[in-house]
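A quick write-up on the structure given underneath.
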Amino acid sequence: MVSKIYFDHAATTPVDGAVLKVMLPYFGDKFGNPSSLHGFGQEAAGGTETAREQVAQFLGCQPAEVIFTAGASEADNLAIQGIVRGSKVDCPQIITSTIEHPAILEVCRALAKEGKATVDFVKVNRLGLVEVKEVEKLITDKTVLVSIMYANNEIGTIQPIAEIGKLIKQLNLKRQNKIYFHTDAVQAVNYLNCRVDELGVDMLSLSGHKIYGPKGVGVLFVRAKTLIKPIQFGGHQEYGLRPGTENSAAIVGLGKAIELVNSAKRSAENKKIKKMRDELLAGILKNIPDAKLNGDPVKRLPNNLNISFKNIEGESAMLMLDLAGIAVSTGSACASGSLEPSHVLLALGLKHLDAHGSLRISLGKGNTATEVKKLVAVLPGIIKKLRQIAPK
């Protein structure tokens with residue numbers, strides 16, 4: 001049965017109608033290669049450059065600092081591997097957190113395994129927050145990169161990015177080799193201030209399909225004079241950092257999606273989302289015993305709930321909800337094929353069984369109060385049934 005109520009916006013969002021409308025011409029009349037010098041190519045290039053300006057306006061940066069990629073995972077890889085390749089430090093050090101997206105964790109581990117870098121991981125507290133002093137403790141003379149995600153994709157916690165940025169700026173005043181600061185802001189863009197100067201970041205990753213734009217397109221903001229080298233070769237596109245013919249339609253769609261994030265309408269929608277999220281949490285905690293919110297109750301995205309239920313298997317609850325026409329998640333969509341418990345929840349100190357018994361519910365602008373009430377009505381019966389059949 002196809003799910004009819006969608007509460008998994010942290011995994012992906014539907015494409016906004018206004019976004020689709022601006023994309024369609026680039027599949028037809030405006031089909032040219034943006035790198036071509038003739039009229040067809042320049043018409044397509046005009047669309048990509050308009051999108052670059054839209055992203056730059058949102059981030060508060062220069063258009064030349066916006067690099068289009070095939071998604072945020074590629075942007076993360078370019079940020080981390082590119083800095084290591086550009087560094088003059090022998091076996092440079094990377095600092096990141098224990099709750100990062102796999103696009104950060106796996107590339108860091110690969111670089112460490114290959115002997116190209118050392119990696120140190122900042123632990124989070126029981127609410128899933130990185131403490132600035134813990135970052136400072138790990139910094140050495142060989143530190144070249146700190147990468148801390150802005151908002152977590154599983155538990156929605158919002159990290160003190162601006163405070164970390166201030167710390168790194170102060171430390172750089174006394175250092176020979178600069179520490180660069182990167183943040184994966186994929187989940188944050190819809191809801192938080194992403195102006196790069198205010199955050200103090202040198203690089204920032206974002207994705208189109210998390211903001212009601214298309215899949216297969218992302219951005220890496222790279223501050224001017226950042227010592228970063230390409231990790232792919234074969235073309236001069238994107239200021240020499242990302243070769244390959246630009247995906248004009250997707251880039252134009254991302255630009256429009258970013259423009260909509262900045263609108264007054266989106267601000268009103270986000271207030272509505274938070275209100276529904278709070279009502280959903282209250283309903284679940286009232287009607288289901290032994291349910292616990294994971295992550296900080298205040299410093300979290302307004303659309304995110306991650307709840308552990310004692311004595312159940314989260315995947316079973318997810319599948320039963322799907323049969324009832326309600327789509328939720330057990331964690332990150334990127335790790336949905338893994339049988340291992342969430343590394344994010346384990347980092348908070350949850351036991352394996354409690355981590356396995358968790359659901360992520362992420363709301364979006366299309367959800368309604370009626371849908372929230374249905375989930376509150378359906379979920380208690382599912383949890384009760386799973387507990388009845390659980391091994392004693």
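Taken together, the values in this text are just the output of simple stated rules run on the coordinates, not laboratory data. Note that the structure is a prediction, hence the values are computed from the model and not measured. Don't worry about glycine lacking a Cβ; one is built from the backbone with ideal geometry, like all the others, and counts go over all protein chains shown.
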Summing +1 per Lys or Arg and -1 per Asp or Glu among the other residues with Cβ less than 14 Å from TYR239's Cβ gives +1
The farthest towards the positive end of the charge dipole of the chain, of the residues GLY71, PHE233, PRO289, given +1 on Cβ of Lys and Arg and -1 on Cβ of Asp and Glu, is PRO289
If one compares the long axis through the Cα atoms of helix 72-86 with the longest principal axis of the Cα atoms of the chain, the angle in degrees, nearest 10, works out at 50 degrees
Within the set ARG175, ARG195, ARG126, GNM on the chain using Cα springs under 10 Å gives the largest fluctuation to ARG175
The alpha-carbon center of the range 244-293 and that of the range 147-163 are separated, in whole Å, by 16 Å
Expressed in angstrom and rounded, the centroid-to-centroid distance over alpha carbons for the range 378-392 and the range 43-110 is 44 Å
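Based on Cβ point charges of +1 for Lys and Arg and -1 for Asp and Glu, what charge dipole magnitude is obtained for the chain about its Cα centre, in debye rounded to the nearest 20?
Taking the Cα centre of the chain as origin, the dipole is about 960 debye.
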Once LYS116 and VAL378 are pulled to full extension, the length gained, defined as 0.36 nm per residue separation minus their Cα-Cα distance, is 89.2 nm
Assertion target for ILE67, ILE158, ILE99, ordered by fewest C-beta neighbours within 10 angstrom first, is ILE158, ILE67, ILE99
The chain, Gaussian network, Cα under 10 Å: of LYS21, LYS225, LYS310, the residue fluctuating most is LYS225
Per its Cα gyration tensor (rounded if a/c is under 1.5, else prolate when a/b beats b/c, else oblate), the chain is best filed as oblate
Env charge @ GLU198, Cβ radius under 14 Å, K,R +1 / D,E -1, value +1
For LYS256, counting only lysines whose alpha-carbon sits under 20 Å away and dropping same-chain residues fewer than eight positions off, the answer is LYS21, LYS30, LYS210, LYS215, LYS265, LYS365
